[in-house]
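The values are calculated or read from the model by the stated rules, or taken from the named source; none is laboratory data. Not measured: the values here are computed from a predicted model. FYI the Cβ positions are ideal-geometry reconstructions off the backbone, even for glycines, and counts take in every protein chain you see.
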């Protein structure tokens, strides 16, 4: 029988990462969609880097940056007593950075695709920017937000390189399903590797089917 | 009265342009901003709404200063109590017609006035429909109801009828006029359609490349100078047909099609879709009894 713990850690990591990313990405995306300064261009480029860089590069820098020998890692370690490398917390930070473009890109393009008049008309009707965001922007880009949530979730499930670099492979703490597969294959337990792989395969497929289904439903209710 | 005096440098599709606009919008009347596209009409409207910031200037609505760049006063759109109707109606796609209109009112709004608006704009049948299923004219009627639901001090219309076909346009012009007269709302209408401006506006401000080139009543602005006609009206050419020696021009005028005989010289530069002034100097009124 396989150890189910890596699967639970994977799901926990994906859920927490997606939730944190959602909270951070909504205001970030509004800012990116509205700004056209050089600074926003730079931020956009930095956010997109995980799409291109090998995960090991990000993992390596995070390992250095978050480690107790670096200034940042030292502060967190000494002030809060939290060790970020080889811990679950470190995995969340790594996944956050790695999956950030998968949440921000769909949301930004959703906001950009809104006709500008939609928000302006809301302002002329006396609604504040906050009210407009929750009453108009968010409901209008719900498909994009949903796409972002699902891509982030699925992408975190499939993460391997960063997790290996900063998480190590500590059973019960940082050993996620994708790493477990690697472990089992290395130990020639193809049977177990097959079960992990099959479960990830099935979960991801079901999630994506659900998204496409919901997207269609949303599109239909708007046209009803 | 709303007094506006603003200036802004623009980088439009026709290169750099200096918009200078000074005008007094009379209370309770319809003022049209007329001019070719790219003249800065929409920019003026957006500055009035507070959606755009001019480089310098001052806007005062009654005794309320909306903008004064010298004294660093700027009221955001939310503080100006305006109604704005966009060219593309900008209805909220996720709300049905009723919710779109009620969005403007909020929870403590008086539904009696809204009901009257819905009645006047013939929206009763459409209340549960979503914008995606409405025709262009229906969308603009909803957008108009939404803009009016807050009882704005100033109604700003940015070419609201330009995408509609002739009949829908005419119908909505009537409705806008009826509502405008009923509530005495100070209205600024942006349009590049002479016939529309002539029908709807009390005052016309003609804008060309950012500068005001004429102001006055529609006939003062559009009427041909030095022409002392007894009767005149503005219409749109539908067809030009040659019949024997003369041409018969069909003109859409006051929701009617009238036929006018013209000579070759008259129609040489004329084509279907042109706006024309129909006038008569030697006007012979005909008389016939109808209450027999």
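Structure values in brief
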{"quantity": "Residues within segment B:65-76 that are more than 8 Å from chain A (Cβ to nearest Cβ) and in contact with a helix residue (DSSP H, G or I) (Cβ under 9 Å, 6 or more places away or on another chain), tallied", "calculated": "2"}
{"quantity": "Of all residues in segment B:90-125 being outside any loop (DSSP other than H, G, I, E, B) and within 8 Å of chain A (Cβ to nearest Cβ), the one that is farthest from residue B:181 (Cα to Cα)", "calculated": "B:103"}
{"quantity": "Residue in segment B:145-154 that is over 21 Å from residue B:46 (Cβ atoms), away from chain A (no Cβ under 11 Å) and modelled with pLDDT under 90 present", "calculated": "yes"}
{"quantity": "Residue under evaluation residue A:119, criteria (1) at pLDDT 90 or above; (2) over 24 Å from residue A:44 (Cα atoms), criterion not met", "calculated": "(2)"}
{"quantity": "Elements of type helices (runs of 4 or more DSSP H) contained in segment A:77-174, each with 3 or more residues being in contact (Cβ under 8 Å) with a residue 40 or more places away in the chain", "calculated": "A:88-112, A:142-157, A:161-167"}
{"quantity": "Checking residue A:67 against (1) surrounded by 14 or more Cβ atoms within 10 Å (Cβ to Cβ); (2) more than 14 Å from chain B (Cβ to nearest Cβ); (3) at pLDDT 90 or above, the condition it does not meet", "calculated": "(3)"}
{"quantity": "Residue check, residue B:195 in contact with a helix residue (DSSP H, G or I) (Cβ under 6 Å, 6 or more places away or on another chain), surrounded by 13 or more Cβ atoms within 10 Å (Cβ to Cβ), assigned by TED's automatic domain parsing to the domain that holds residue B:39 and modelled with pLDDT under 90", "calculated": "no"}
{"quantity": "Residue within segment A:83-100 that is under 24 Å from residue A:49 (Cα atoms), within 14 Å of another protein chain (Cβ to nearest Cβ) and surrounded by 20 or more Cβ atoms within 10 Å (Cβ to Cβ) present", "calculated": "no"}
{"quantity": "Selection count, segment A:50-76, where residues are without any contact (Cβ under 8 Å) to a residue 40 or more places away in the chain and assigned to a helix (DSSP H, G or I)", "calculated": "11"}
{"quantity": "Hits in segment B:77-89 - residues which are facing chain A (nearest Cβ under 7 Å) and either surrounded by fewer than 24 Cβ atoms within 10 Å (Cβ to Cβ) or part of a helix (DSSP H, G or I) (or both)", "calculated": "B:77, B:78, B:88"}
{"quantity": "Selection from segment B:220-235 of residues that are at pLDDT below 60 and over 23 Å from residue B:259 (Cβ atoms)", "calculated": "B:225, B:226, B:228"}
